[in-house]
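Right, one structure below, let's go through it.
The values are calculated or read from the model by the stated rules, or taken from the named source; none is laboratory data. The model shown is predicted, which means the values in this text are computed figures rather than measured ones. Counting neighbours? That spans all protein chains shown, and the Cβs are built from the backbone with ideal geometry, glycine included. Each accessible area value is taken on the protein alone, full model and side chains, heavy atoms only, with ligands, DNA and RNA left out. Shrake-Rupley method; radii C 1.70, N 1.55, O 1.52, S 1.80 Å.
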Amino acid sequence: MSLSGWLQIGFVLIVVLLLVKPLGLYMARVFTGERTFLSPVLGPVERGFYALAGVRTDKEQGWLGYTMGVLAFSLAGFVVLYSMLRLQNFLPLNPQGFAGLSPDLAFNTAASFVTNTNWQSYGGETTMSHLSQMLGLTVQNFVSAATGIAVAIALTRAFVRSGVNELGNFWVDLTRATLYVLLPLAIVVALAFVAMGLPQNLDANFVATTIEGVQQTIATGPVASQEAIKQLGTNGGGFFNVNAAHPFENPTAFSNYLNIIAMLAISAALVYTFGQMVGNRRQGWALISVTVIMLVIGTGAIYWAESFGNPLLTAVGVDPSMGNFEGKEVRFGQAMSALYSAVTTGLSNGGVNAMHGSLTPLGGLVPMFLMQLGEVLPGGVGSGLYALLVFAILAVFVAGLMVGRTPEFLGKKVEAREMKFAMLAVLILPLVILGFTAISVVADFGTSSILTPGPHGLSEILYAYTSAAANNGSAFGGLTANTPWYNTTLGIAMLLGRFAYLVPVLAIAGSLVAKPRAAASSGTFPTDKPLFVGLLIGVIIILGGLQFFPALALGPIVEHFVMLAGQSF
Amino acid sequence: MSTQAKISILSPAIFLPALRDAVIKLDPRQLIRNPVIFVTEVVAVLVTVIFVQDAFSAAAEMRFSGQIALWLWFTVLFATFAEAVAEGRGKAQAESLKRGKSDLVAKKLRFPSDANNRAFESIPATSLKIGDIILVEVNDLMPGDGEVIEGVASVNESAITGESAPVIREAGGDRSAVTGGTQVISDWLKVRITTKPGETFVDRMIALIEGAKRQKTPNEIALSILLSGLTLVFLIAVVTLYGLAAYSGTDLSVAVLAALLVTLIPTTIGGLLSAIGIAGMDRLIRFNVIATSGRAVEAAGDVDTLLLDKTGTITFGNRMASEFLPVAGVTEKYLAEAVLLASLSDETAEGRSIVALAKSDFSLSVPKILPNGTTSIAFSAQTRISGIDIEGRRIRKGAVDAVLKFVGLDKTTAAADFNKAVDAIARSGGTPLAVAEADRLLGVVHLKDVVKPGIKERFAALRAMGIRTVMVTGDNPVTAAAIASEAGVDDFIAEATPEQKLDYIRKEQVGGRLIAMCGDGTNDAPALAQADVGVAMQSGTQAAREAGNMVDLDSSPTKLIEIVEIGKQILMTRGSLTTFSIANDVAKYFAIIPALFLVTYPELGALNIMGLASPQSAILSAVIFNALIIVALIPLALRGVKYRPVGAAALLSRNLLVYGLGGLIAPFIGIKLVDMAVTALGLI
């Protein structure tokens, strides 16, 4: 670890924190229906959409109506994307003449993009036509992110309003999130990426002769635009197979900064939006502190583990001063690789700029653990906020009792109904991750995909299901996931991780929005103070740790001790 | 009833019946109400079956699986024992109430419409119906709850309240309610029965104390859901671990997985949850408060605003002399002596307070025998003055204008310092009492509502808890404001009518606050019913007692404060033990996980930071610790976590430190100690 490394990490986080307030305030205005500086331009477009779709903006929905909207929209998106992928060879903009995808791969990919996971069982530049990339995947990059934002806003309104049933209008929230938030930011970031040298064209691959005189095929395409929304929407599905480690996706240290900042910006700012909308900005900052502190711890852990390196390599004469550089890009270095890994997994982005499977055992443990915590640091756009709020509700429930009052969060009583749905939501991750992993490691169709047997192989599978269920999308590498078993079960894991979580969350919102908002007193448990920040961190880590500790012990933890004992995988 | 003595759980009267009940409670049909312990029992049965198999095949694992099974059963038994102990303390009280209730006979009037005909037939109390008119005479036990419609009698209510001094019960007004099981010790009463047999106050009390009607409170239900959810999470983690272990080359036995599961699921709080609730109710009962539901007790912990009647709660309820203000030319002592004489035969509280003040401040003595020719002038509503003619002195005291009239003056002609004193007293919320001798004004006595000592500190404590106090009084706003500031309440309602009280409560509730109030009169009933926590006085009317959700047997309005504390204590105890229970799991993982995989991955021994002797002793120690911690925490569950009125943030940091951090560390030490014992005894 070095000072300059930490300075870089600090620089990126500070830029993000500076963006949080203006962006958060802007989004609060957007979702409370106030005018913004973009209204003169986008207002007519927005109204045009409503007129076209017959949406009545004044008609709001209860939680059931809102949920139905989310599910219907996602189902429609899934069907369209699935069909497009299967039939891409009959569709235009396919200069390489790629074939249609197999049923299981198309299912997996459609599930992956509709759930904002962007798990890629395919290699982008060798599988997808430009049309599939732009009209299929990129569209879902926008709308799946917007769906997450909409749900988070609906839950936010449950704390703002009282004594009513309406959570808002899903179609309006979806439209506003796309039109006012994602689209303008994507344009700005895409142009910045173009300026940094990312390709943006609709060309076929071209062939170059290298200085060694060898023929090399170089893939290009609409990279910059895809990259922008990939980060802003915490999608993570790269244009290229190796994602942001590819020089066309992430050519320089500066593009790397922008990548990380773009990933964090909306998710972090949404937390501020929450504070602003519930009328307690300190609450927003308290929740942001939780995510930042955990992110710094996670980054520090990876950074430390990677800088420490692999004693086995040191023993065979590799210079230990560089740490473990396997699978990393020299232009990013240890610090920025560590930060990228922590952010991408803390955030449900899933894009990578270093290969997680090549991290040291503990370095690889951290990204996996961050995902298992439920993607709350600050998580995917929208999904991170609502998952964080579910944890806050759980933390408040247990700790609130300790101050001698029935638990309440922001004046809303947390009672049996909220607990029921919060537990339902929390159960999904262990059920899906551990359940599928346990089956995969004992069945031939599961173990046959493992690249490295032993604990590392367990990590490969555990990481895959973790990534899918947490809607992250990053891969550990090693595992051959493009098989019918993995494509199907990972697809199911992604769908459950998204929708089986999202429905209980909206049910909680439906229950809370009808409750009166209790007045605060000095006897009320303060949720915007450092004590709560510490408590929430503790609850998140302990709850996550308790669920997954046995599995992690048999994967990365044992691998670490075995490595120290002189054996590697 | 009001035995405040601490009953030790180790006393045979509690311990032995509780042990018997604990075994009865193992019935799975009963246990299913408690999902965590139910799962433990299922697992215990499973491991027992495995032990029996091992025993038949004389397998080497027999020793291990047998001990695991044994301790799993202990875990279940300790949990049911905790509940039984909590119930046991109430049962003794219920028994004595039942004895008093048995064989009651009612004297049902044959001709209830004829006021003069007191002919009756004796029927068993159990066949009384609502609306029956009964006669209760000297030494009769009241056969049921009812309302006095005729007569005045003194009634011994000690069977209910534990207070041996008899109380007056009479028709009409706020003292008309009578309770079954109490005894008339003088005169007679005609009573209309208002409650069906079996639903009387005593019946409800017995049911409550026995816990027969116990329903889970809303918060208990929510907590049970959390605990069940956690149990499911760990079930998933343990079941899937079998597959993960198989991949890693370890074949985990069912006994080992069962041990892991039971140590991870929150058995500590699961086992103690119902005991906490029962003990809380029991504590309330020993404070002589009967709550109609656990829900009300829980709500008490949440109360934001306390509505307190001024009279009898904040002040003594009688105006008392606080100072003597003579006019120019009269000494204070002279005034005191004069008014002392004038009050000698004044038996009102005011009169007595004047005597007491004069005696204490000026060491005046009361003449034992009044000289002949002394005439007392009694107070009358017409003259509004009283006094004495003694040894030629004509001393009068009374309302200012009446006394001025007596001396032939009016407000404009009275001395300036007299007027000034009168105004000052009125402004401070007191009542001026003018004193004159013959045709000379002597001065004024300041009568004031005396705030009870210590009440201000209690309100400060409540404020620290985050609870606002509101004083309700029929006084005018000036008086009310003065007393409010002296007592340190946050707000007051002056010239309060029942409607105003109700409106105030509604307004606060709309603002998202929970209200507690106490009252005794029929006109309090609507407000008592509207309040989230309504405490009716046992001495109050039947209507008030029906409207409230708690009854205070001591009829002491400041009880509200204790009730709130008990409500908070129950919630805090639940939260603290839940935190403790979950925090415990960290250490259990460090004990069990390395033990499970030591054969395949000896490197995981690095996680065995406790240095436990062997894999089997590690697992057994974790299970034993897990069972023993339930027993160790029974006293805390029954006593409740101590509540301090220091504000939420301070409470939280303290409890987090003790039960959160303590819960992380304690099992590391505990499991290590058990492991040392297990090894020393050669159990493994």
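Every listed requirement among (1) of a type outside the set (Ser, Thr, Tyr); (2) surrounded by fewer than 18 Cβ atoms within 10 Å (Cβ to Cβ); (3) closer than 18 Å to B:Asp282 by Cα is met by B:Asn116 save one, (3).
For region A:513-531, the criterion of being closer than 24 Å to B:Leu656 by Cβ, more than 9 Å from every other protein chain (Cβ to nearest Cβ) and open to solvent by 20 Å² or more (accessible area, probe 1.4 Å) is satisfied by at least one residue. Yes or no: A:Arg29 buried (at least 16 other Cβ atoms within 10 Å of the Cβ), part of a helix (DSSP H, G or I) and among the charged types (D, E, K, R)? Here the answer is yes, as A:Arg29 does meet what is asked. Considering (1) within 28 Å of B:Ala177 (Cα to Cα); (2) assigned to a strand (DSSP E or B), the lone condition that B:Phe492 does not fulfil carries the number (1).
The residue of region B:216-229 that is surrounded by the most Cβ atoms within 10 Å (Cβ to Cβ), among those that are assigned to a helix (DSSP H, G or I) and more than 8 Å from chain A (Cβ to nearest Cβ), is B:Leu227. Here B:Glu486 meets each of (1) more than 28 Å from A:Leu410 (Cβ to Cβ); (2) assigned to a helix (DSSP H, G or I); (3) touching a Ser or Thr at 6+ places or on another chain (Cβ under 6 Å) with one exception, condition (3). Output yes when any residue across region A:401-408 is in a helix (DSSP H, G or I) and more than 9 Å from chain B (Cβ to nearest Cβ), and no when none is. Looking for residues that are in a helix (DSSP H, G or I) and more than 9 Å from chain B (Cβ to nearest Cβ), one finds none in region A:401-408, hence no.
Looking across region A:246-264, the residues that are within 19 Å of the chain's Cα centre (by Cα), closer than 21 Å to A:Thr138 by Cβ and open to solvent by 10 Å² or more (accessible area, probe 1.4 Å) come down to A:Leu258, A:Ile261. Per the conditions (1) open to solvent by less than 10 Å² (accessible area, probe 1.4 Å); (2) touching a strand residue (DSSP E or B) at 6+ places or on another chain (Cβ under 9 Å), the sole criterion not satisfied by A:Thr406 is (1). Filtering region B:536-546 for residues that are surrounded by fewer than 24 Cβ atoms within 10 Å (Cβ to Cβ), in a helix (DSSP H, G or I), at pLDDT 85 or above and more than 9 Å from every other protein chain (Cβ to nearest Cβ) leaves an empty set. Being closer than 23 Å to A:Pro516 by Cβ, of a type in the set (Asp, Glu) and crowded, with 19+ Cβ neighbours inside 10 Å is a property that does not hold for B:Asp503. Out of all the residues in region A:219-245, which are within 21 Å of A:Val330 (Cα to Cα) and surrounded by fewer than 24 Cβ atoms within 10 Å (Cβ to Cβ)? Residues satisfying the conditions are A:Phe240, A:Asn241, A:Val242, A:Ala245. Scanning region A:415-427 for residues that are more than 7 Å from chain B (Cβ to nearest Cβ) and open to solvent by less than 20 Å² (accessible area, probe 1.4 Å) yields a count of 3. Reported count of residues in region A:492-526, each being within 14 Å of A:Ile393 (Cα to Cα) and touching a strand residue (DSSP E or B) at 6+ places or on another chain (Cβ under 6 Å), is 1. Exactly one residue out of B:Ala69, B:Ala60, B:Ala86 is open to solvent by 50 Å² or more (accessible area, probe 1.4 Å) and in the same structural domain as B:Ile265 (by the TED database), and it is B:Ala60. Can you confirm whether region A:77-89 contains a residue that is outside any loop (DSSP other than H, G, I, E, B), in contact with a Lys or Arg (Cβ under 7 Å, 6 or more places away or on another chain) and buried (at least 19 other Cβ atoms within 10 Å of the Cβ)? Looking for residues that are outside any loop (DSSP other than H, G, I, E, B), in contact with a Lys or Arg (Cβ under 7 Å, 6 or more places away or on another chain) and buried (at least 19 other Cβ atoms within 10 Å of the Cβ), one finds none in region A:77-89, hence no.
Quick one: would you say A:Gly534 is of a type in the set (Gly, Ala, Ser), within 11 Å of chain B (Cβ to nearest Cβ) and touching a Lys or Arg at 6+ places or on another chain (Cβ under 7 Å)? So A:Gly534 does not fit the description; no.
Check whether at least one residue in region A:498-506 is within 10 Å of another protein chain (Cβ to nearest Cβ), surrounded by 20 or more Cβ atoms within 10 Å (Cβ to Cβ) and in contact (Cβ under 8 Å) with a residue 24 or more places away in the chain, and report yes or no. Within region A:498-506, none of the residues are within 10 Å of another protein chain (Cβ to nearest Cβ), surrounded by 20 or more Cβ atoms within 10 Å (Cβ to Cβ) and in contact (Cβ under 8 Å) with a residue 24 or more places away in the chain.
Residues in region B:236-258 that are within 13 Å of chain A (Cβ to nearest Cβ) and either touching an Asp or Glu at 6+ places or on another chain (Cβ under 6 Å) or of a type in the set (Gly, Ala, Ser) (or both): 6 in all. Is region A:458-476 home to any residue that is farther than 23 Å from A:Gly379 by Cα, within 9 Å of chain B (Cβ to nearest Cβ) and either open to solvent by 30 Å² or more (accessible area, probe 1.4 Å) or in contact with a Pro (Cβ under 8 Å, 6 or more places away or on another chain) (or both)? Looking through region A:458-476, none of the residues is farther than 23 Å from A:Gly379 by Cα, within 9 Å of chain B (Cβ to nearest Cβ) and either open to solvent by 30 Å² or more (accessible area, probe 1.4 Å) or in contact with a Pro (Cβ under 8 Å, 6 or more places away or on another chain) (or both).
Among the residues of region A:430-443, how many are more than 8 Å from chain B (Cβ to nearest Cβ) and open to solvent by 20 Å² or more (accessible area, probe 1.4 Å)? Within region A:430-443, residues that are more than 8 Å from chain B (Cβ to nearest Cβ) and open to solvent by 20 Å² or more (accessible area, probe 1.4 Å) number 1.
Could you grab me the full set of residues in region B:410-427 that are more than 15 Å from B:Gly329 (Cα to Cα), at pLDDT below 85 and surrounded by 11 or more Cβ atoms within 10 Å (Cβ to Cβ)? Hits for region B:410-427 are B:Lys411, B:Ala426, B:Arg427. Name every residue in region B:464-476 that is at pLDDT 85 or above and of a type outside the set (S, T, N, Q), in order of residue number. Correct list: B:Ile467, B:Arg468, B:Val470, B:Met471, B:Val472.
Anything in region A:539-561 that is open to solvent by less than 40 Å² (accessible area, probe 1.4 Å), under 27 Å from the mean Cα position of the chain (by Cα) and within 7 Å of chain B (Cβ to nearest Cβ)? List them, or say none. Matches in region A:539-561: A:Leu546, A:Gln547, A:Phe549, A:Pro550, A:Ala551, A:Ala553, A:Leu554. Take region A:352-370 and flag every residue that is closer than 19 Å to A:Gly238 by Cα and at pLDDT 85 or above. A:Pro367 - this is the single residue of region A:352-370 that is closer than 19 Å to A:Gly238 by Cα and at pLDDT 85 or above. Within region B:315-361, the set of residues being farther than 24 Å from B:Thr479 by Cβ, of a type in the set (A, V, I, L, M, F, W, C) and open to solvent by 40 Å² or more (accessible area, probe 1.4 Å) comprises just one member, B:Ala328.
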